[in-house]
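Quick notes on the structure that follows.
The values are calculated or read from the model by the stated rules, or taken from the named source; none is laboratory data. Note that the coordinates shown come from a computational prediction; the quantities given were computed from them, not determined experimentally. Cβ coordinates were reconstructed from backbone atoms using ideal geometry, including for glycine residues, and neighbour counts include every protein chain displayed.
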Amino acid sequence: MKIALLGCGTVGGGVLRICRTRVPELEVGRILTLPGELDDPLVTHDVEDILSDPSIECVVEAMGGIEPAHGFLVRALEAGKSVVTANKAVVAAHFAEFMELAAKHDVAFKIEATSGGGVPWIASIEKARRVDEVEQLSGILNGTSNYLIDSMERSSKGFEEALAEAQELGYAEADPSADIDGIDVANKAIISSTVAFGSLCRRDIPVLGIRHLTKPILDALEARGWSVRLLMRARKDSGRYAVCVEPVVISRASEEAHVPTNFNLATLVGQTVGELKFFGQGAGALPTGNAIVQDLLDVAAGEKPRYATEETLEWDPSLLGAAYLFATDAPAPAGARALLGADAAGKPLYLVFGEDPVHAGALYRAAADVDPTTFAASFSAEAAASLETLV
């Protein structure tokens, strides 16, 4: 099968390397780049050279961002070309449109590399759904945020120092907002939930990040046998669903608390299969390139997955109700109780019980209006088991 690459940076370069060294049946016919980015005889700076070439059967998009990626992918599908993409932002924003076009023109639209890098996450969800109903999703799906927390826990580094180190190592962008504010995970959560639940996930899911997580807060949690990770959480039950992204206080005995550096760990729960966990590299040239090449081989074999284009489930955030931790110098949220012996956190720590992520987000924003450095996190069921003895 002859393919074209839109973008040949980190991810696109990984695809090119894998195809040329390991999968010769995938012929790279054209590479779209900006002038001066790559010296290769296949390079073009005009997407028309790809879209108008009937010999190119599949387009690989590794550009990132919404535009011009969105426009290029629409035109590729309309031209009867299959698409494989690693771009979680554009898929989350235009999932239904892409699927409708793929179905209309009888081509494939493959998205494994959007969520979890080299972890076979989307494929595993699809396989589970063949014989099961996926009831819950959760997991660490952002290597940058995990690297920051892991680094702070393992050393004396504060947030800013850990972030500077991550940027120096290439794990974090110069502007890390998408990673530390939960935006990157939110895009992956939207895609994963749509695939898992068979219903288009809404865009406005509740999102909290780790921008104001501090070393003293982590130390105060560790003293109680807890850790924290930035997680996606999703649940489906009786025609209802809910999805959110937020820091979650977890037991230090949990698998998630031991995920090192920039690795990912994603979990699904099915009615018959129970709990399954998937661990691996969540980003990088070769892991993500591997996921794209796996998709390309599926396209070459004739696979054309079809995902939901309408929200057929009822949105019910109460499905994700939990206890919440607030670290803030603002007045205590309504109904909050103080966490005993929490002075080491540098801020008062409060507990609020029985909140859903939408209302918890409202409480967070009210506190952040007074103290912009407020931090909030939900509790996993396991970590919450000991809370009544600590207030």
For E100, all conditions in the list (1) surrounded by fewer than 17 Cβ atoms within 10 Å (Cβ to Cβ); (2) on the phi > 0 side of the Ramachandran plot; (3) in contact (Cβ under 8 Å) with a residue 40 or more places away in the chain hold save one; what is the number of the exception? (2)
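It is to be established whether one or more residues within segment 269-276 are within 16 Å of the chain's Cα centre (by Cα) and either under 24 Å from A360 (Cβ atoms) or exposed (fewer than 14 other Cβ atoms within 10 Å of the Cβ) (or both).
Initially, segment 269-276 is screened for residues within 16 Å of the chain's Cα centre (by Cα), giving none.
No, segment 269-276 contains no residue that is within 16 Å of the chain's Cα centre (by Cα) and either under 24 Å from A360 (Cβ atoms) or exposed (fewer than 14 other Cβ atoms within 10 Å of the Cβ) (or both).
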Take the residues of segment 352-372 that are surrounded by fewer than 16 Cβ atoms within 10 Å (Cβ to Cβ) and either out of contact with any Ser or Thr (no Cβ under 8 Å at 6 or more places or on another chain) or closer than 26 Å to Y241 by Cα (or both): which is modelled with the lowest pLDDT? G354
Flagged in segment 215-240 as touching a strand residue (DSSP E or B) at 6+ places or on another chain (Cβ under 8 Å) and surrounded by fewer than 18 Cβ atoms within 10 Å (Cβ to Cβ), in numbering order, are G225, D237, G239, R240
Could you tell me whether any residue of segment 277-298 is at pLDDT 95 or above, over 15 Å from E112 (Cα atoms) and either touching a Pro at 6+ places or on another chain (Cβ under 9 Å) or assigned to a loop (DSSP other than H, G, I, E, B) (or both)? no
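One line per residue, one yes/no per condition, for (1) in a helix (DSSP H, G or I); (2) in contact with a Lys or Arg (Cβ under 9 Å, 6 or more places away or on another chain):
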position	(1), (2)
I56	no, yes
G65	no, no
H70	yes, no
M99	yes, yes
G118	no, no
I125	yes, no
S138	no, yes
T144	yes, no
Filter segment 13-50 down to residues that are closer than 19 Å to A86 by Cα, of a type outside the set (D, E, K, R) and part of a helix (DSSP H, G or I), then give me how many there are. 7
So which residues in segment 45-67 are at pLDDT 95 or above, surrounded by 13 or more Cβ atoms within 10 Å (Cβ to Cβ) and not aliphatic (A, V, I, L, M)? D49, D53, E57, C58, E61
